[in-house]
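Data block below; observations after.
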Amino acid sequence: MFHWRINAFLIIAIIFSSCDSGGGYIAGFMDLRGIGLSVSPGKSGKVLPDEYSPVVLSFDTEMRKEETESILQINSDTGSVTGDCFWKDKQLFFVPSPPWTAGTRYVLNLSGTVYSMDGRELRLERYISFFAINKSEAPGLEWFSPADGESVEAGALRMELRFSLPMEISSVESAFAIDGAGEKRFEWSDDDRVLKVTTEKALLPWTAYHWNLNDSAKSRDGVPLTKKISAQFSTDLDKLVPRVLRVYPVISSDGRWLPTGSGIEEGLGPGQGILVEFNKPMGENVLRSLRFDPNLAGRTESLSDKSIVFIPSRDPEPETAYTLVVSADTRDSGGLKLGEDYHVTFIPDIPFLRILSFNVEGAAVSDFDNNSTVRIPLDSKNQGILRFTIRFSLPFSDEAKQNTALLISLNPYFPETLDSTALRSVTWQHSDDLLTMEWERLKAGSADEAHFYRLLIPGGKGGINNGGSMYFKEDQVLYLEAVQ
């Protein structure tokens, strides 16, 4: 019973003490109330919205300011963060100077004892990590060329830097410097991840060039590089003049260009490309170094650092002599020029379209002889219907098949009084080179009056085309004499 009375007395004393709002003691008792504190950011992982967003300590009572400010420390991987402290009522604000850096992890350290103005104390041992603006990852320089210490050819500067993240263009360009290279030109690609640096001024041979990229270069999210990057390269490779080694036809197979085994002079076939091989790695302008006389439209692609392939947009003209010219201004990777034009003349191995055979139903197969006359039997059984088959020398594409049927004509030739014919059906049978046509309203002649019909297959560039740019050299004409 005695102990219960003592405990009750203490409880009553604490209750009276907590009700006192004026000082540290009530009727001789110590003030045991705690000091309330809330922190912004309140827990680890939070992101402050702006570059000058304050860290705030909010107390529930007036504090001793200088002592309270002294326990507030903020650090990052680069060291202690400086800033300004100021009070507003019971709140302590810390504003960084310079401002927060995006994506950087900061740690708020509250360690020590602080005191309220009424003498109460608060022991603190609290660590809170936070970010400002965002917590995006820091960018890195994944790759650059020339590599550190690499030897390159003399010539215009051609540097490339590849970053791990999209970059803030202006910060990177202002952070990049190279000694002695002259005015720089910047070209960005791959969503601002790849930077190409070029100059008009040629690099001097046997010279070391130093460059650096300061850590002020930032990603698109505003996060800087973790460290400054420096490297060098030298223009001390031997000066070997570039030249063309070989030019030969190639054919595409499973995404690769393979040699046909033929020479370029008379071996370039339909659907093939032209490969140009050099003796050393070439510069970017090699893709613009080719021209043809007469003109041959197409595109040039790089196969390796020493070879390119020209891919015609359509096959060259049959039986036409072309001259391929590699420009004297073509440069190697070090900027050295070919020095003189390279020429090679070739005639494509691409034939004109021909008719291999003409077969009339009911008659024997015959070789097609242009402007010749063929007797075709018509009797009462076929009721003026003519069915014939043409075998071409090359296959036709689906679109070319449709155009061919529209261009071929069969018209009365003699006498003029013959009725017009009509196309009844068109069929491509068994293969892409065999055309069967059926015409009606033909009439057989007699001993007193011969009947002739003119079959026209248009030639030339405006005539029939197999879909691969091959056409007849001239109109193909056959005169059909309808007999009983």
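The values are calculated or read from the model by the stated rules, or taken from the named source; none is laboratory data. Note that the structure is a prediction, hence the values are computed from the model and not measured. Counting neighbours? That spans all protein chains shown, and the Cβs are built from the backbone with ideal geometry, glycine included. Areas reflect the complete protein model, heavy atoms only, side chains present, ligands, DNA and RNA absent. Shrake-Rupley method; radii C 1.70, N 1.55, O 1.52, S 1.80 Å.
Each 20 Å bin from 0 upward holds the following percent of the Cα-Cα pairs of the chain: 16, 24, 20, 17, 13, 7, 3, 0.
Its Cα gyration tensor gives the stretch 351-484 an equivalent ellipsoid. The semi-axes, each the square root of 5 times an eigenvalue, are 26, 15, 13 Å from largest down. Less than 20 Å from a label point 7 Å out along the Cα-to-Cβ axis of Ser111: which backbone N atoms in the stretch 121-148 qualify, by residue? Taking a point 7 Å out along Cα→Cβ of Ser111, the residues of the stretch 121-148 whose backbone N falls under 20 Å are 122-131.
Among Gly140, Pro270, Gly339, which residue has its Cα positioned farthest towards the positive end of the charge dipole of the chain, with +1 placed on the Cβ of Lys and Arg, -1 on the Cβ of Asp and Glu, and the dipole taken about the Cα centre? Highest projection toward the positive end goes to Gly140. In this rough spin-label picture, where each label sits 7 Å from Cα along the Cβ direction, the Ser58-Asp118 distance is 2.0 nm.
Restricted to Cα atoms, the stretch 164-301 shows a radius of gyration and a Dmax of 21.3, 60 angstrom. For the stretch 37-183, the fraction of 1.4 Å probe accessible surface lying on carbon and sulfur atoms is 45 percent. Lys227's amide H: which non-local residues (gap 5+, or another chain) put their own amide H closer than 5 Å, with H modeled 1.01 Å from N in plane and none for Pro or chain starts? So Lys227 has HN proximity to no qualifying residue.
Extension gain, Ser80 to Glu277: 0.36 nm times the residue separation minus the Cα-Cα distance gives 65.0 nm.
The modelled label-to-label distance between Lys239 and Ile169, using points 7 Å beyond Cα along the C-beta direction, is 3.7 nm.
Inter-label distance, Arg354 to Arg314: 2.3 nm, where each label sits 7 Å from its Cα along the C-beta direction. Close amide-amide hydrogen proximity is noted between Phe233 and Gly149, Tyr209, each under 5 Å apart and 5 or more residues distant or on a separate chain (H modeled in the peptide plane; Pro and chain starts excluded).
Give me the angle, in degrees from 0 to 90, between the Cα long axis of helix 2-18 and the longest principal axis of the Cα atoms of the chain, rounded to the nearest 10. Roughly 70 degrees, rounded to the nearest 10.
Gain on full extension, evaluated as 0.36 nm per residue between Arg454 and Asp398 minus their Cα-Cα distance, stands at 17.5 nm. Based on DSSP H segments of at least four residues, each scored -39500 (n - 2.57), the chain has a per-residue ellipticity at 222 nm of -2500 deg cm²/dmol. Here's the picture: a label point sits 7 Å out from the Cα of Asp432 along the beta-carbon direction, and within the stretch 391-413 the residues with their amide nitrogen under 11 Å of it are 394-401.
Beta-bridge orientation, the stretch 365-484: approximately 80 percent antiparallel, per DSSP, counting only bridges with both partners inside.
Rolling a 1.4 Å probe over the protein heavy atoms of the stretch 241-365, with every protein chain left in place, gives an accessible area that is 45 percent carbon and sulfur. If R0 is taken as 22 Å, the Cβ-Cβ distance between Arg441 and Arg391 corresponds to a FRET efficiency of 0.30.
Backbone amide hydrogens, once placed in the peptide plane, bring Met63 within less than 5 Å of Met117, excluding anything fewer than 5 places away on its chain. Multiplying the residue separation of Arg126 and Asp50 by 0.36 nm and subtracting their alpha-carbon distance yields 25.0 nm. Only the Cβ atoms of Lys and Arg (+1) and of Asp and Glu (-1) were treated as charged; on that basis the dipole of the chain about its Cα centre amounts to roughly 1300 debye. Per residue, the chain exposes 55 Å² of solvent-accessible protein surface, assessed with a 1.4 angstrom probe and all protein chains in place. Converting phi to 3J(HN,Hα) with the Karplus coefficients 6.51, -1.76 and 1.60 and the offset θ = phi - 60°, the stretch 227-234 yields 7, 6, 10, 9, 7, 8, 9, 10 Hz in sequence order, with x at every glycine or proline. Per-residue accessible area (protein heavy atoms, 1.4 Å probe) orders Tyr342, Tyr471 as Tyr342, Tyr471, starting from the largest.
Against the chain, whose longest principal axis comes from its Cα atoms, helix 398-407 is set at around 40 degrees. The residues His210, His451, His343, sorted by heavy-atom accessible surface at 1.4 Å with ligands and nucleic acids left out, run His343, His210, His451 from largest to smallest.
If R0 equals 41 Å, the separation of the Cβ atoms of Ser230 and His343 corresponds to a calculated FRET efficiency of about 0.30.
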